[in-house]
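Single-structure report; data block below.
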Amino acid sequence: MPNSVAREGRCPQEVTSAAPTAVQRRLPGAATPREEALREYQDFNAKRRSRIPAALWPFWAPDPEQFYRWRVQLECGCITEVLTNGSEKLPAEGQGYDPLHKGRLPAGQVRCSHDDPPPAPYRNIVAWGERREVSFPADPVEPPDWTDAESWAVIRHDEPHTSAFWTVTLSCGHLTEVVAPDLQWKPTNGPKRAIAKRLPKMKAAFEEFWASDPEGQDEHKREHTRRMLEDGWPCPRPEQQCHTCSWAKWIVAYQRVGWLVPRKPEPKQPKTPKPPSRASLQRRLRQAEVEAKQLREQLSELDEETASEKNS
């Protein structure tokens with residue numbers, strides 16, 4: 001699939017800073033007891049293994065013996081625990097998984113959900129990925145709760161239809177999907193825009209809506225709508241709301257905990273004796289030479305006694 005930059009320029013809310021550098025330090029609090037952490041992993045792994053063939057267990061549901069435990073602090077201040085494959089790989093080097101879009105997060109991000117997250121920011125599309133088609137039945141006649149009958153009459157599909165969805169990468173590194181204007185559309189075509197003479201009417205309609213219903217759209221989304229109107233109301237929109245940014249948090253600090261399953265102590269190897277010094281060898285050589293001289297003298301005396309006995 002082709003990759004292309006959506007457009008030049010950046011959304012005002014776009015984050016362009018690099019990932020923070022995670023540092024190793026002692027973190028407040030204590031680690032989860034090892035028995036509890038091991039039990040949680042085994043329960044989680046048992047569910048995974050029930051869904052995949054045994055031949056894939058080493059790749060998708062490995063044994064706990066290969067994992068190393070870490071405590072990590074996130075940019076939001078929360079402290080949690082993560083596992084890495086071995087003790088040499090740092091937690092900030094790992095890539096978490098985004099189950100909704102079936103892709104990897106940027107290295108160093110993990111999930112951390114909060115009850116009151118800030119509004120999902122808008123990010124620019126920087127690359128286009130895979131395409132898929134989805135068929136839908138005809139929409140019901142009755143409008144859904146989120147719109148009125150008049151608006152529903154305009155956007156409602158009264159017959160079954162098929163739409164094309166493209167997976168895109170946003171400037172934050174996260175994935176999302178956008179709907180193509182039609183089945184023949186490709187990213188190289190660029191976004192389709194509204195007829196120029198309609199834009200003033202669209203702007204006036206939105207301003208009237210915001211004035212009549214101040215709670216109908218928060219300022220966060222109003223600014224996005226204004227930017228899209230100034231850009232000619234493009235479809236697909238070159239900036240998309242990234243809901244992944246609401247829960248994907250950077251690791252800023254980490255602390256070692258230890259192996260999930262403790263390693264057995266390795267047997268002690270016998271110590272290699274230290275080689276003797278030169279002085280020690282010289283001293284032993286002198287002693288050996290003295291002993292050898294004494295032995296030669298004793299042998300000589302023994303030979304003399306033997307010869308005397310033979311002559312007598």
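Derivation of every value follows stated rules applied to the coordinates shown; laboratory data play no part. Please read these numbers as outputs of a predicted model, since none were measured by experiment. As a convention, Cβ positions derive from the backbone with ideal geometry for all residues, glycine included, and neighbour counts pool all protein chains shown.
A single member of 62, 28 is surrounded by fewer than 17 Cβ atoms within 10 Å (Cβ to Cβ) and within 21 Å of the chain's Cα centre (by Cα), and it is 62. Among the residues of region 41-80, those that are closer than 25 Å to residue 245 by Cα and touching a helix residue (DSSP H, G or I) at 6+ places or on another chain (Cβ under 7 Å) comprise 70, 72.
Within region 247-261, can one find any residue that is over 30 Å from residue 88 (Cβ atoms) and not polar (S, T, N, Q)? Checked region 247-261: no residue is over 30 Å from residue 88 (Cβ atoms) and not polar (S, T, N, Q).
Take the residues of region 151-160 that are farther than 24 Å from residue 241 by Cβ and not acidic (Asp, Glu): which is surrounded by the most Cβ atoms within 10 Å (Cβ to Cβ)?
Taking region 151-160 as the starting set, the residues that turn out to be farther than 24 Å from residue 241 by Cβ are 153, 158-160.
This time we only want the ones that are not acidic (Asp, Glu), so: 153, 160.
Numbers: 153: 12, 160: 10.
Across region 151-160, the extreme among qualifying residues is 153.
Against the condition in contact (Cβ under 8 Å) with a residue 12 or more places away in the chain, surrounded by 17 or more Cβ atoms within 10 Å (Cβ to Cβ), of a type in the set (D, E, K, R) and not in a loop (DSSP other than H, G, I, E, B), how does residue 123 come out, does it pass? So residue 123 fits the description; yes. For region 86-115, name all the residues that are over 13 Å from the mean Cα position of the chain (by Cα) and over 20 Å from residue 252 (Cβ atoms). Matches in region 86-115: 86, 87, 88, 100, 101, 115.
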